[in-house]
1. Residue check, residue A:271 against (1) modelled with pLDDT under 90; (2) out of contact with any helix residue (DSSP H, G or I) (no Cβ under 9 Å at 6 or more places or on another chain); (3) farther than 30 Å from residue B:72 by Cα, all met but one. Which one?
2. Could you grab me the full set of residues in segment B:78-100 that are surrounded by fewer than 20 Cβ atoms within 10 Å (Cβ to Cβ), aliphatic (A, V, I, L, M) and either closer than 17 Å to residue B:129 by Cβ or in contact (Cβ under 8 Å) with a residue 12 or more places away in the chain (or both)?
3. Would you check if there is a residue in segment A:18-25 being in contact with a Lys or Arg (Cβ under 7 Å, 6 or more places away or on another chain), of a type in the set (Asp, Glu) and closer than 26 Å to residue A:112 by Cβ?
4. Quick check on my filter: what residues within segment A:33-77 are without any contact (Cβ under 8 Å) to a residue 40 or more places away in the chain, hydrophobic (A, V, I, L, M, F, W, C) and in contact with a helix residue (DSSP H, G or I) (Cβ under 9 Å, 6 or more places away or on another chain)?
5. Tell me, which helices (runs of 4 or more DSSP H) wholly within segment A:1-108 include 1 or more residues that are at pLDDT below 85?
6. Give the residue that is surrounded by the fewest Cβ atoms within 10 Å (Cβ to Cβ), with candidates limited to residues of segment B:1-35 that are within 52 Å of the chain's Cα centre (by Cα) and β-branched (Val, Ile, Thr).
7. In segment B:61-75, which residue that is more than 27 Å from the chain's Cα centre (by Cα) and more than 8 Å from every other protein chain (Cβ to nearest Cβ) is surrounded by the most Cβ atoms within 10 Å (Cβ to Cβ)?
8. Any idea how many residues of segment A:242-288 are among the aliphatic types (A, V, I, L, M) and either more than 10 Å from every other protein chain (Cβ to nearest Cβ) or farther than 26 Å from residue B:26 by Cβ (or both)?
Amino acid sequence: MDIAAALKQYGFVGSLANSIPELKRILTRAAAGSWSADEFSRAVQDSRWWKNSADAVKQYQILKVTKPGEFKAQRDALVAKARTLAAEMGVGLGEGRGSALGHLVDMAQLHGWDEATLRQSIGHQLHGARATFGGQAGEVQQQIRALYYDMGVPYSSYTVNLSVRHVLEGRGTVAGVQASVAAAAKSRYPALAAQIDAGHTVRQVADPYIQAKAQLLEVAPDTVTLQDATVRKALTWVDTGTGHHTLMPLWQYEQQVKADPKWQRTKNARDDYSALAHQVGRDFGFVT
Amino acid sequence: MAATQAQQSAIDWFRALLTSWGIAELVPDASKLVLQGLGADSVTLALQQTKAYKKRFAANDLRVKAGLPALTPKEYIDTEAAYAQVLRQTGMPKGFYDSRDDFTSLLARDASPAELLQRAQTAARLFLTGPAENRRAWFSFYGGDGPDAVSHGIAAILDPGAALPLVEQRRLAAEVGGGALAAGLPTSRAQAERLAGFGVSGEQAVAGYGQIARDLPVEQQVAQRFGETVGLGEEESATFLADPVARRKKQRLAESEAGLFDRSAAASATALSRPTVGQY
């Protein structure tokens, strides 16, 4: 019996065997020995391929060989789904040969991935240490950046984007990132530990200091950040009397802000000096 | 540190104000404090700790040590101005007892301008406008010699360290003594202070000692005739204090003297009208 006759005799298993080297060798031996269909089937089931391949992989290969039309339709559907998910998640997968999209769809079809696994794998394709993402990745990126910003914890784009990738991969959550940023904030601002534990952000606690500086220097409040040296000093102040970390008294903080040469150029400064002379005049009894 | 525009205008403003308040010497320190960026309360406190402030308002430390409240700069300066006005008003020579150091002493002792006025009037009455005999009596009683004697005398009266009632008593004593000297009579600090203590005024002393100067030589001759003595002290007691013993003595001597004249007259008349020979 030649191979062509064997393929006819052994049906779709024979066709499958023709595409897998180990099975092809069995097919060759079966044709030479004029094995019955049962003998051929048993030999295939005893093969390493059969024993070591997952059912999904075997079905994938069977479908690919036996129902190429259905196989293609299934793949096209997966491509569409992967594209949609990638767009939602803000992950660029590329197109065409050698693209991440093709690879992911192959893997998804081969291993019969569910949507969660597909999402996770798409998330893994998020690259770019400094990139600004779109879609869900962009939202998560924004959230994580805001966490760092509001907690006054310095961050790099790499750290943020890595966290975004972990969240998209399902290996982490925004809440988890929040907890670790809060821990870093407590270490950076020991005086604020209780307030951070109570759910306040460092930015909220620092707001009076930010507003005071903005008013004194006559600048927009959003230009004064938690990384501002004077604000940071106010939040990490140590009371020399008790030796404890605490918030700097606002009056003392205002004095420090006024030590900034920029303050001298403000209308506030002129008003302050005018009030100063008035106060001294009153203290000296010359002004009532 | 170079001043910013705002700081410089604050310094200029301070200079103008402090100068107008009469305390321009505080400008350098005030400027430094402005440059340090101190707030209003801090500037006042810091300014009060400067050497210039402590020197300018030197009496305040002395007042506080003496349990008196410190004066504000305005109160201090106003009081100094009132002192100066009092001294001018009473004719004290310019530059005399009107330095800041002199005022420091007055302020440290909480002397009011009214008290200074009283002292200055006393000093003027005694040393500038009153009779020279009064000054001589003062110098004799309380010391004073040479060209600065008047200055020292005035200073002694203005000195708030000397209690005002004591100063007044000395002035009265000097006027009583001056009254004696004016009448050409000797005087002593003890007697003059005693008479002043009894309320004898300068005018009464002038009148009284004038009378004593007229009476004393006659009464001393009369007393001598009767083997007695009369002294200035008895005359002063009788004249100024209405001392009954002294007055009775004066009266008795006068009557004795009058009786002597009556008897003389009677004797003369009898000699002329009655025979004196062979009647006994």
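The values are calculated or read from the model by the stated rules, or taken from the named source; none is laboratory data. None of these values were measured; they are calculated from a predicted model. Note that we place each Cβ from the backbone using ideal geometry, even for glycine, and neighbour counts take in every protein chain shown.
1. Of (1) modelled with pLDDT under 90; (2) out of contact with any helix residue (DSSP H, G or I) (no Cβ under 9 Å at 6 or more places or on another chain); (3) farther than 30 Å from residue B:72 by Cα, only one is false for residue A:271: (3).
2. Listed by number, the residues that qualify are B:82, B:84.
3. Yes, there is a match, as at least one residue in segment A:18-25 is in contact with a Lys or Arg (Cβ under 7 Å, 6 or more places away or on another chain), of a type in the set (Asp, Glu) and closer than 26 Å to residue A:112 by Cβ.
4. A:35, A:37, A:40, A:43, A:44, A:49, A:50, A:63, A:71, listed by residue number.
5. Counting at least 1 such residues, we get A:3-19, A:21-33, A:37-45, A:55-66.
6. Per the criteria, the residue is B:19.
7. B:71
8. Selection size over segment A:242-288: 4.
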